[in-house]
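Okay, structure first, notes after.
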Amino acid sequence: MGSVYKIIFEFKKEDEEEYSKFSGFFDSEGVCYRKVKGSLSLEVVPIFPDTVAPALYENLCKKLVSHWFKESGVKTMYALRKAAISIAKSQIGKGCVWRITEEYLKKVEGKDSLPVEEEKIELTEDEKKPLGENELINTLGCTIKHDEENKLITFIIMLLTYTEDSQANVSFRAPSSTGKSYIPMEIAEYFPEKDIKRIGYSSPTAFFHDTGTWDPQLGGIRINLERKILIFLDQPHDQLLQRLRPLLSHDQKEILIKITDKAEKKGIRTKNVVLIGFPTVVFCTGNLRIDEQEATRNYVLSPETSQEKIRESIYLKAFKKSDPIKFRGALLQDINREKLRKRILAIRQEMISHIIVPDYEKIAKRFIGENKYLKPRHTRDISRLIALIQGHALLNLWSRDRDEENSIIATDEDVEFGFKLWGRVAESQELGLVPYIYRIFKEVIQPLAEANGGGLTRKDIISKHFGVYGRPLPDWLLRREILPALESCGLICLEVDPTDKRKTLIMVPVSTPPSSSQYPQNNRETQGGGSLSSYLDETQEPYPEGIEHPIVKADKNRNRGGDNG
């Protein structure tokens, strides 16, 4: 049960007309109130959990301010806003009564109508100068060593929270102790705490039972996630992501979710939940398996595990744990870090609606030119590329043109930044692979196959992995998650050892087999008659002699089935 907040409006006898206007407006807006007997007073009593009280009052006050300033310019509404924000800000967890009287109105009379929930941030001309990539990397590097692409993408995506509809999502996937939740948690330190929602774990349905505002017309609750950053710290599976697919793909600004709810003595009943807005979602998990639908809705990232990064991280962790007070003091004295925090607050207050990227045809043509063969997932990849362009423009909005609708215009510099950053992670994103798995293929499996010139066993890979990284690779992880992922995208093929059928050999093509985006245009998906085996026969044999390409084998079986049918 939440705390009870009261706002009482007291009017004099000569203000009876305004008293009637207030009560009529409260009726039209569905505001819960009562008329105090024996006086011209209106008592507003919304009862909601503490966690949504600020959002509730903020939304109510915006409506009241908008209505009354436009209709009659009554300054009472600014008083209401000031009172409401004060309650939401300082009285959470306490029942309180706020009386708005003539004396109070005199105190606020003549003051401007800027939001009073936070102090307005004013940047100097020097602080408004464009922030370059290297400068941003160095600033974030005070607590995040190496991981340049990961921290840049995560920061840019979190910054896009403060736009109308440019938000995106990030999924960190890697084994334990690699820092998959550390990166988003550290970057979240630069953002206002009120905009961050950290969730250690949530079951697939518990998320929708979250606190919200009751809507009597809907017969359910509304959960406002607009301009919020959700960080799921350690999810063991993707079931929650699967249920959030419409939200992650930004299908609609308001999404109706129907779930079942077990009420006392009433059995199982349907519960309506409306999710409002496009939040930024950062999802951290140790599960390396990822469905294609999740892969196309997220930037899939993995922390670096290089010796240099681990070495520097050990020094940083030793400093932080040995003398936490001195470590915190060093962070507070970091001028660039504090400048970045202040810059984010200023960007937030600018309330940018949209970030316009001009000459979209040029960007689309360049993107298509960098992908020889197109596939359906590219329609979502282009959105992620544009998000990076928009994020860089938002970071430097004071040096960008702005239109009358408070939208900023991206420049060629932003476009180059986006293509450059996307190019660093595009290869694993294109394959739908977790970067951690792709690095194992590039640094362990592929060099080993080239050296051996034949099939590999799991023992060969585990031994090579230890030689490269100096740490063991669990056999269950290799067998259950890494090899199936590599096989699904065509980087390897699993075949029975002809000399010992109890063993399975891992075959790597001499030249990387074509992905679905490299197939010619006359394949059966587009024109219905193309044979993939005819295409592979014209190219270099990708598998060692005696081993048939699995796609060729499947294609032959399909043709045989068609003849028999």
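The values are calculated or read from the model by the stated rules, or taken from the named source; none is laboratory data. Quantities reported herein were computed from a predicted structural model and do not represent experimental measurements. Note that each Cβ is placed from the backbone with ideal geometry, even for glycine, and that neighbours are counted across all protein chains shown.
Here are some notes:
- Counting the residues of region 161-188 that are in contact (Cβ under 8 Å) with a residue 12 or more places away in the chain, part of a loop (DSSP other than H, G, I, E, B) and of a type outside the set (Lys, Arg) gives 12.
- Across region 270-305, the qualifying residues are those that are farther than 21 Å from Ile231 by Cα and surrounded by 14 or more Cβ atoms within 10 Å (Cβ to Cβ), and the one among them that is farthest from the chain's Cα centre (by Cα) is Lys271.
- When region 317-348 is filtered for residues that are modelled with pLDDT of 90 or more and among the basic types (Lys, Arg), the ones remaining, listed by number, are Lys317, Lys320, Lys321, Arg337, Lys339, Arg341, Lys342, Arg343, Arg348.
- Among the candidates Ala387, Ala346, residue that is in contact with a Ser or Thr (Cβ under 8 Å, 6 or more places away or on another chain) and either farther than 21 Å from Asp195 by Cβ or in a helix (DSSP H, G or I) (or both): Ala387
- Glu338 being touching a residue at least 40 places away in the same chain (Cβ under 8 Å), charged (D, E, K, R) and not assigned by TED's automatic domain parsing to the domain that holds Glu294: no
- Single residue of Gln349, Gln429 found to be under 21 Å from the mean Cα position of the chain (by Cα), within 30 Å of Glu122 (Cβ to Cβ) and polar (S, T, N, Q): Gln349
- Residue count for region 398-413, restricted to those that are in a loop (DSSP other than H, G, I, E, B), modelled with pLDDT of 90 or more and more than 25 Å from the chain's Cα centre (by Cα): 1
- In region 400-432, the residues that are over 16 Å from Leu388 (Cβ atoms) and in contact with a Gly (Cβ under 9 Å, 6 or more places away or on another chain): Leu431
- Residue list for region 377-433, restricted to those being of a type in the set (Ser, Thr, Tyr), under 26 Å from Ile290 (Cα atoms) and either surrounded by 21 or more Cβ atoms within 10 Å (Cβ to Cβ) or free of Cβ contacts under 8 Å to residues at least 24 places away in the same chain (or both): Thr379, Ser428
- In region 285-321, the residues that are part of a strand (DSSP E or B) and under 30 Å from Lys262 (Cβ atoms): Thr285
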